[in-house]
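Structure first, commentary second.
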Amino acid sequence: MTSLARGFAIGCLSLLTLFATDAPAQDNAFVFLNRGTRHFDKGEYDRAIENFTQAIKLEPQATRALIGRGMSYAARNEHDRAIEDYDQVIRLAPNDARAFLNRGTSYARKGEHGRAIQDYTRATELQPTNAAAWNGLCWVRALAGQLQQALSDCNAALALSATDADALDSRGFTYLKLGQLDLAIGDYSAALNIDPGEATSLYGRGVARVRRGDTLGGSADITAAKAIDREIEAKMRQWGIAP
């Protein structure tokens, strides 16, 4: 699963400036970029958007401010507006892997799996060592039913980051959809060793355990998952998983 599928916090908002330092407007734009980043990091997305917007007004080609605003919109589940900002970044910087990665996640959240696959694929082409891009590609391909390709993508993510709970969760999900229950349980358990509070891993492991005949252990996992996320059952059913 992508982090955005869980909390929509992907990407890293760098504070490295793209602005020249010899013009007051550009200096001020960097101040707004900096403020926007601080607000984003604190989960203050409305204030982040205000500051990123000011940075963009002062420096329209400020790709980091556009990405920051896109991420802030995505965090509010305003994915169409996020995609508009990522589109603008790609027009300005066609090889910006972050824009493709983040836009892919917004498309995935909108259920537009084909577009998400295209964007994640482009992100992996631009940054072959970006584990998050491979994980995103795995997750959305699993949702789209492209299970063998998804498995290959998850393996690529885990080859780059073996202890990535998100990638382990995604591969567990893929194994579960493939009916390989022991492998699914193994990956979900490994993910939970890293992140014990991840509802999707608990619920997925619970389903796999129930299907293997461990009704007691599976029910305990599912109950624990529901205590963490009241909507987890509806989400998993939407993704094609039920006990």
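ILE83 meets each of the listed conditions (1) in contact with a Phe, Trp or Tyr (Cβ under 6 Å, 6 or more places away or on another chain); (2) over 30 Å from TYR175 (Cα atoms); (3) at pLDDT 95 or above; (4) among the aliphatic types (A, V, I, L, M) apart from (1). Would you say ASP85 is assigned by TED's automatic domain parsing to the domain that holds ILE194, buried (at least 24 other Cβ atoms within 10 Å of the Cβ) and not aliphatic (A, V, I, L, M)? No.
Each row is one residue, and each column tells you yes or no for (1) buried (at least 18 other Cβ atoms within 10 Å of the Cβ); (2) in contact (Cβ under 8 Å) with a residue 12 or more places away in the chain; (3) under 25 Å from THR121 (Cα atoms).
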position: LEU137; (1), (2), (3): yes, yes, yes
position: LEU143; (1), (2), (3): yes, yes, yes
position: LYS177; (1), (2), (3): yes, yes, yes
position: ASN193; (1), (2), (3): no, no, no
position: ARG212; (1), (2), (3): no, yes, no
position: SER219; (1), (2), (3): no, yes, no
position: ALA234; (1), (2), (3): no, no, no
position: GLY240; (1), (2), (3): no, yes, yes
position: PRO243; (1), (2), (3): no, yes, no
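Filtering ALA93, ALA108 for residues that are surrounded by 24 or more Cβ atoms within 10 Å (Cβ to Cβ), out of contact with any Asp or Glu (no Cβ under 7 Å at 6 or more places or on another chain) and hydrophobic (A, V, I, L, M, F, W, C) leaves a single hit, ALA108. Criterion applied to ASP182, ASP166 was being surrounded by fewer than 20 Cβ atoms within 10 Å (Cβ to Cβ), of a type outside the set (A, V, I, L, M, F, W, C), assigned to a helix (DSSP H, G or I) and out of contact with any Pro (no Cβ under 8 Å at 6 or more places or on another chain), and the one residue passing it is ASP182.
Residues that are under 15 Å from SER170 (Cα atoms) and assigned to a loop (DSSP other than H, G, I, E, B) within the stretch 185-205 comprise ASP195, GLU198, listed in sequence order. In this entry, ALA208 is excluded by the filter for residues that are assigned to a helix (DSSP H, G or I), over 18 Å from TYR175 (Cα atoms), among the aliphatic types (A, V, I, L, M) and not assigned by TED's automatic domain parsing to the domain that holds GLU112.
Here ALA123 does not fit the description of being buried (at least 24 other Cβ atoms within 10 Å of the Cβ), in contact with a Ser or Thr (Cβ under 8 Å, 6 or more places away or on another chain) and in contact (Cβ under 8 Å) with a residue 24 or more places away in the chain.
Annotation: of all residues in the stretch 52-76 being at pLDDT below 95 and not in a helix (DSSP H, G or I), the one that is surrounded by the fewest Cβ atoms within 10 Å (Cβ to Cβ) is PRO60.
The values are calculated or read from the model by the stated rules, or taken from the named source; none is laboratory data. Just so you know, these numbers come straight off a predicted model, no measurement behind them. Neighbour counts are summed over all protein chains in view; Cβ atoms, including those assigned to glycine, are modelled from backbone coordinates with ideal geometry.
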